[in-house]
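First up is the structure itself, then whatever we jot down about it.
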Amino acid sequence: MNISLRLARADDAERVFAWRNDPSVRSASFDSREIAWEEHRAWFLRTLERVDRSLLIAEQEEKPVGVVRFDVVDEVVEVSIFLDPALTGQGYGTTMLREGVTWVRRNLAGVHTLRAKVKPDNPASMKIFENAGFSESLRVYDLNL
């Protein structure tokens, strides 16, 4: 599977909005609420200007298939990934993530660790990260009051 990554552009906002608000994507997200268009649009435009965040669009033959986001905090980069919901289960996630690791190596000097947070009820994401070479290093326990 041939996947390429490019920096997101303003004209990607609607597509990313639709994917992000799909129930399957929301259920895997730590913030699972439905996002209003104006909130998303403002977040998206701010994201494009941030120097500590890279938002990439994954493409196969110039057709967008997913999103990879990197948030830089010192020498650690937090990774977030989601696909076009119509393409889940077809192997895109691992390929996108591997391309993302290559992108970080080429574009983010000084980074020593990539980190992903995955909900415990999301075995598909766990498998994607494991297949891309990530290993579990930490468990976090919360008590919601």
For the chain, with +1 on Lys and Arg beta carbons and -1 on Asp and Glu, the positive-most of Pro123, Ala42, Val111 along the dipole: Val111
Solvent-accessible area per residue for segment 87-136 (1.4 angstrom probe, square angstrom): 64 Å²
Solvent exposure, largest accessible area first (probe 1.4 Å, DNA, RNA and ligands not counted), of Thr102, Thr88: Thr88, Thr102
Estimated vicinal HN-Hα couplings, Hz - segment 20-37 in sequence order (Karplus 6.51, -1.76, 1.60; Gly, Pro = x): 4, 8, 5, x, 5, 6, 4, 5, 8, 8, 5, 9, 8, 6, 6, 9, 6, 4
Mean accessible surface per residue for segment 2-47, computed with a 1.4 Å probe while every protein chain stays in place, in Å²: 61 Å²
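Got the relative contact order for the chain handy, in percent, Cα pairs under 8 Å and 6 or more residues apart?
Once divided by the residue count of the chain, the mean separation gives 23 percent.
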About the Cα centre, charge dipole magnitude for the chain (Lys/Arg +1, Asp/Glu -1 at Cβ), debye: 200 debye
Longest site-free stretch - the chain; sites: GluC sites (Glu not before Pro), DSSP loop, at most 16 other Cβ within 10 Å: 76-135
Inter-probe distance in nm under a simple model that places probes 7 Å from Cα toward Cβ, at Val76 and Val111: 1.5 nm
Solvent-accessible area, 1.4 Å probe, carbon plus sulfur percent, for the chain: 48 percent
Amide H within-cut-off set for Gly66, under 5 Å, with H built and near neighbours excluded: Ala58, Asp84
Probe 1.4 Å - accessible area at Val72, Å² to nearest ten: 40 Å²
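The values are calculated or read from the model by the stated rules, or taken from the named source; none is laboratory data. Everything quoted here is computed from the prediction, not taken from an experiment. When we count neighbours, we look across all protein chains shown, and the Cβ atoms used for this are built from the backbone with ideal geometry, even at glycine. With ligands, DNA and RNA removed, areas are computed over all heavy atoms of the protein, side chains included. Shrake-Rupley method; radii C 1.70, N 1.55, O 1.52, S 1.80 Å.
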